[in-house]
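The values are calculated or read from the model by the stated rules, or taken from the named source; none is laboratory data. Computed from a predicted model, the values in this text were never measured in an experiment. Here the Cβ is made from the backbone with ideal geometry for all residues, glycine too, and neighbour counts use every protein chain on show. To get the accessible areas, we keep the full protein, side chains included, count just its heavy atoms, and leave off ligands, DNA and RNA. Shrake-Rupley method; radii C 1.70, N 1.55, O 1.52, S 1.80 Å.
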Amino acid sequence: MKVRANGLVRRVAGWLRLPRTARGRRRAVQAVMAVCVLALLPATWMRLASGDRVRTAADVPPAPVAVVFGAGLWDGEPSPYLAHRLDTAAGLYDAGRVRAILVTGDNSTRDYDEPDAMRRYLTARGVPARKIVSDYAGFDTWDSCSRARRVFGVDRAVLVSQGFHVRRALALCGAAGIDAYGVGAADPHDATWYYGSVREILAAGKAAADAAFRPDPHFLGPKEDGVAQALR
């Protein structure tokens, strides 16, 4: 076993060894640069697709609906990041920037229900229950955007998330056919925030594929009139 391990180490070291010739080294550098460019292309597309549509809660253009994306629960209650998103959405409603709120999240099991937790949080902060619509099958950002358009009929919205995620949401909702602006919730730039920022670079590849191929969400289901009723 030890002999095999030593052999593996030698092979890996051989792969990592720089070419001996100047031409070989130049080609190796070019290959590394090409890989880096290809890896960053989806993130560049995401930034270009979202453009100047990231605004503050004070200057975002009014829209009929705010879409709030799920961000996890702690003991059945919104995580701090999700609570900040919901606080931002409640502020938009109070300021008259939106007239209804669509909460979209994961309810894949009976014991995990993001939308209902989000609804309770918003009603506790004064948003009327009749103005809140729940999407129980927002399993990822593309599903949330696609279902908002195809199931709930949303064609214009303010998207509420963290700053590191809202550009991906804008790019995907744009691909789904929603004219949207985004508002990033105010959060401290702590370790979790920076982790989320790095994660977005990795998630950009899937986002680009979703925007290009526009797959059906994991669960599409029939059309619902909850948003139309909330806007009446």
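Evaluation of Arg110 against the conditions (1) surrounded by 15 or more Cβ atoms within 10 Å (Cβ to Cβ); (2) basic (Lys, Arg); (3) over 22 Å from Val227 (Cβ atoms) shows that the sole unmet condition is (1). Scanning segment 85-107 for residues that are open to solvent by less than 50 Å² (accessible area, probe 1.4 Å) and acidic (Asp, Glu) yields a single hit, Asp106. The single condition among (1) surrounded by fewer than 13 Cβ atoms within 10 Å (Cβ to Cβ); (2) of a type in the set (Ser, Thr, Tyr); (3) touching a Lys or Arg at 6+ places or on another chain (Cβ under 6 Å) that Tyr195 does not meet is (3).
Does at least one position in segment 119-132 carry a residue that is aliphatic (A, V, I, L, M), open to solvent by 10 Å² or more (accessible area, probe 1.4 Å) and modelled with pLDDT of 95 or more? Yes - at least one qualifying residue is present in segment 119-132. Go through (1) surrounded by 23 or more Cβ atoms within 10 Å (Cβ to Cβ); (2) at pLDDT below 95; (3) assigned to a loop (DSSP other than H, G, I, E, B) and name the single condition Ala207 misses. Condition not satisfied by Ala207: (3).
Would you confirm, using the coordinates I've provided, whether Ala230 is open to solvent by less than 90 Å² (accessible area, probe 1.4 Å), in a helix (DSSP H, G or I), of a type in the set (Gly, Ala, Ser) and closer than 24 Å to Trp45 by Cα? Spelling it out, it is not the case that Ala230 is open to solvent by less than 90 Å² (accessible area, probe 1.4 Å), in a helix (DSSP H, G or I), of a type in the set (Gly, Ala, Ser) and closer than 24 Å to Trp45 by Cα. Of all the residues in segment 59-76, those that are surrounded by fewer than 14 Cβ atoms within 10 Å (Cβ to Cβ) and within 19 Å of Val133 (Cβ to Cβ) number 1.
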